[in-house]
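Each remark here refers to the structure printed beneath this line.
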Amino acid sequence: MFVYAGEMLYFLSVNYYSTELLRHLLRSVAALSFPLPYQFIIVNNSPDDTSVYVLQQEFENIAILPAAGNLGFGGGCNLGLAYAYQRDPRAWVWLINPDAVLVVGAIAYVHTCFEHRPTLSILGTRIRASSKDIWFAQGRFNPWTGSLKHRLPAAQTVHQSAEQPANVLASRWVSGCSMIFNLHRFDHCPEFDPTFFLDYEDAEICERYRRQGHEIGVTQAVLVNHAVSAITSRNRRAKFRHATFSKLYFLFRHGSWTALGLNIPYLLIWSIKLLLRDRETGIGRFQGWIDFMSWWAKSLTHRLPPTPFRPRTAFTQSQQPHE
């Protein structure tokens, strides 16, 4: 995560047993030129992972915020956002995953985007996967069907490099892998919904603030290279359990009843089919479906606990997941 504070830059990334990935990211950042001083903030979502503190000795300007446990991606971001907002509520905040790196020219490109479009509240970047294909191009959401897309047909895809003139395209939502908040446009510190532990929290925060009148865009240039799911793929069952719950919860919050009604049986049938060819993914999908139906039933009877819903998985136990 990166924060541009007018006279100060802050980067903020959430650690979950990803010291080596963070080291690679920090090297990519250190290789760039900065118009201003900067600080890199790391939220440590794996409290027993002490190796991350070694990075403070290897790189300059690093602050590490310890979390009480694995808060999830959104919860970890909230901790970092609050830290940055308290220091400068006019900052820019760039969320950047540990398994991503910035390309040369990325910071200058983003700076120009905000200079030309100061009304932007949230700016995302196009993202390239390690295999050189475009992983995120432009976020779309159909609240009637529940469709969430992040790529474009080849015929509609025109990409730039970071060296070309900066250009911003409208986007319904942007990826949390590379998401920049212009805090000056908010009258409070923006927060992710803590009910999302993993996945769809980026689409939800964009949809929520878009409905409040905030402007959201994405760069036409690819500014980030991303080793997709380098962290969450360590345990597919936990990954898809959280993802399935989050998709249905997102539709509960922002989709139509038709969208929710279509996706509940679809995801159930899909999870059963997956059990025949990919047992771990199928079990995770089915467990996530059960989690949502249980959560929904409790919400209807007002029996939800005061803390966010958290199933017991390899990730929520704050222990390093097995391969």
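Could you point to the residue in Val54, Ala31, Ile180 farthest towards the positive end of the chain's charge dipole, with +1 and -1 charges on the Cβ of Lys/Arg and Asp/Glu respectively?
Result: Ile180.
Give the residue from Asn235, Pro306, Leu276 lying farthest towards the positive end of the charge dipole for the chain; charges sit on Cβ (+1 for Lys and Arg, -1 for Asp and Glu) and the dipole is referred to the Cα centre.
Toward the positive end, the furthest listed residue is Leu276.
Let's see if you can work this out: charge +1 on each Lys and Arg Cβ, -1 on each Asp and Glu Cβ, no other charges. What is the dipole magnitude of segment 235-300 about its Cα centre, in debye to the nearest 20?
180 debye
Using DSSP, restrict attention to beta bridges with both residues in the chain and report what percent are antiparallel, rounded to the nearest 5.
55 percent
Using the Cα centre as the reference, give the magnitude of the dipole from point charges on the C-beta atoms of segment 186-300 (Lys, Arg: +1; Asp, Glu: -1; all else neutral), rounded to the nearest 20 debye.
660 debye
Please list, in chain and number order, the residues 5+ apart from Leu9 or on another chain whose amide H is under 5 Å from its amide H, with Hs placed from the backbone.
Residues meeting the criterion, in which the H sits 1.01 Å from N, are Tyr38, Gln39.
Going by amide H atoms built from the backbone, whose H comes under 5 Å of the H on Val228, apart from near neighbours?
Placed amide hydrogens put Ser130 under 5 Å from Val228.
Report which label in [x] 16.4; [y] 17.4; [z] 15.1 holds the value of mean projected area of the Cα convex hull in nm² derived from the coordinates of this structure.
[x]
So if R0 is 25 Å, what FRET efficiency would His111 and Thr50 give, r being the distance between their Cβ atoms, rounded to the nearest 0.05?
0.10
Going by the alpha-carbon gyration tensor, a ≥ b ≥ c the square roots of its eigenvalues, is segment 1-129 rounded (a/c under 1.5) or, if a/c is not under 1.5, prolate (a/b greater than b/c) versus oblate?
Because a/c hits 1.5 or more and a/b exceeds b/c, segment 1-129 counts as prolate.
Calculate the dipole size of the chain relative to its Cα centre from +1 charges on Lys and Arg beta carbons and -1 charges on Asp and Glu beta carbons; express the result in debye to the nearest 20.
So the magnitude is around 1200 debye.
Report, to the nearest 10°, how far helix 19-30 tilts away from the longest principal axis of the Cα atoms in the chain, using its own Cα long axis and a range of 0 to 90°.
The angle comes out at about 30 degrees.
Rounded, prolate or oblate for segment 215-291? Axes are the square roots of the Cα gyration tensor eigenvalues, ordered a ≥ b ≥ c, and the cut-off for rounded is a/c under 1.5.
oblate
What do you get when you divide the Cα radius of gyration of segment 33-74 by 2.2 N^0.38 Å, with N the number of residues?
1.32
A short reminder: the numbers here are calculations on the coordinates, not readings from a lab. Computed from a prediction, not measured in an experiment: that's the story for all the values here. So basically every Cβ, Gly included, is an ideal-geometry build from the backbone, and we count neighbours across all protein chains shown.
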